[in-house]
Amino acid sequence: MIESGMTLGVGTGSTAALAIEELGIRIKNEGLQVRGVATSFAAERLCRQHGITLTTLDVEPNLDLAFDGADEVDPNFTLIKGRGAAQTREKIVAAQAKSFVVLVDESKMVEQLGTRMPLPIEVVPMAVTPILNVLSSMGATSEIRMGMKKDGPVVSDQGMWIVDATFNGIVDAAQVNRELLMTPGVVDHGLFLNMATMILVGKADGSVNVLT
């Protein structure tokens, strides 16, 4: 799907990292010329490592294609993303792309969102307790995501905290989206509604299901 001259949105996480590596191989072997808008500092480093020229939305606000992984995908192509704490930048980049291709394995496909993974929510630190109270009223069990090998919370690329909200399944993703975005102190969250245009599902036998 990727051709020379394209400007790409480049996702974050282990699956996106594999795609970045494969792009680097094409750049080296085929002379492919693309520019990328990275969704995190980690993705920027990988792009540089694999020869992908970096740009920004200030320079290239309209992207030809964005690719990224996901934590859960339901039959309506609604996603939960954000285990890498980059969901806000990932959503901004995906929104600017003509097509948004999601790369997952079979384990990420679910009948109902929120049944396997919590919903990550990026929050202003001073608002964390009121936001936890709102989430409790919504029926979620929530906690501040704590750092590994560091004291204190995980800090996003924007300097915010991440709250992980566990629902017993998300029945109405649109309502959850509205309620969270109306809550002061919520920067954004990991629900992606009406954004994915194609899902590539890698299977254990090496084949790929293409869902459109």
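Structure notes:
- Subset of region 78-103 that is part of a strand (DSSP E or B) and within 12 Å of the chain's Cα centre (by Cα) - its residue that is surrounded by the most Cβ atoms within 10 Å (Cβ to Cβ): 79
- For region 132-140, the criterion of being among the β-branched types (Val, Ile, Thr) and closer than 21 Å to residue 91 by Cα is met by no residue.
- Annotation: residue 52 fulfils all but one of (1) exposed (fewer than 13 other Cβ atoms within 10 Å of the Cβ); (2) over 14 Å from the mean Cα position of the chain (by Cα); (3) touching a residue at least 40 places away in the same chain (Cβ under 8 Å); the unmet one is (1).
- The condition (being free of Cβ contacts under 8 Å to residues at least 24 places away in the same chain and among the hydroxyl-bearing types (Ser, Thr, Tyr)) is satisfied by just one residue among 88, 115, 78, 129: 129.
- Scanning region 1-49 for residues that are crowded, with 22+ Cβ neighbours inside 10 Å and at pLDDT below 95 turns up just one, 13.
- Test result for residue 73, in contact with a Ser or Thr (Cβ under 9 Å, 6 or more places away or on another chain), within 28 Å of residue 7 (Cα to Cα) and among the aliphatic types (A, V, I, L, M): no
- Being at pLDDT 95 or above and among the acidic types (Asp, Glu) holds for only one residue in 151, 164, and it is 164.
- Every residue from region 56-77 that is farther than 22 Å from residue 36 by Cα, assigned to a loop (DSSP other than H, G, I, E, B) and among the acidic types (Asp, Glu): 71, 74
- Residue 195 over 29 Å from residue 10 (Cα atoms) and in contact with a helix residue (DSSP H, G or I) (Cβ under 8 Å, 6 or more places away or on another chain): no
- Inspection of region 112-122 identifies at least one residue that is part of a loop (DSSP other than H, G, I, E, B), under 15 Å from residue 193 (Cα atoms) and in contact with an Asp or Glu (Cβ under 6 Å, 6 or more places away or on another chain).
- The single condition among (1) in contact with a Gly (Cβ under 8 Å, 6 or more places away or on another chain); (2) assigned by TED's automatic domain parsing to the domain that holds residue 73; (3) among the hydrophobic types (A, V, I, L, M, F, W, C) that residue 167 does not satisfy is (2).
- Each residue in region 141-192 was checked for being assigned to a loop (DSSP other than H, G, I, E, B) and touching a helix residue (DSSP H, G or I) at 6+ places or on another chain (Cβ under 9 Å), and 11 of them qualify.
- In region 25-46, the residues that are in the same structural domain as residue 61 (by TED's automatic domain parsing) and basic (Lys, Arg) form Cβ pairs under 8 Å with partners that are outside any loop (DSSP other than H, G, I, E, B) and surrounded by fewer than 17 Cβ atoms within 10 Å (Cβ to Cβ), at six or more places apart or across chains, as follows: 35/53; 35/54.
- Members of region 158-177 found to be under 22 Å from residue 110 (Cα atoms) and free of Cβ contacts under 8 Å to residues at least 40 places away in the same chain, listed by number: 172, 174, 175, 177
- Meets criteria (of a type outside the set (A, V, I, L, M), more than 15 Å from residue 78 (Cα to Cα) and surrounded by 13 or more Cβ atoms within 10 Å (Cβ to Cβ)) for residue 122: yes
The values are calculated or read from the model by the stated rules, or taken from the named source; none is laboratory data. What you are looking at is a predicted structure, and each value in this text was computed from that prediction instead of being measured. Here the Cβ is made from the backbone with ideal geometry for all residues, glycine too, and neighbour counts use every protein chain on show.
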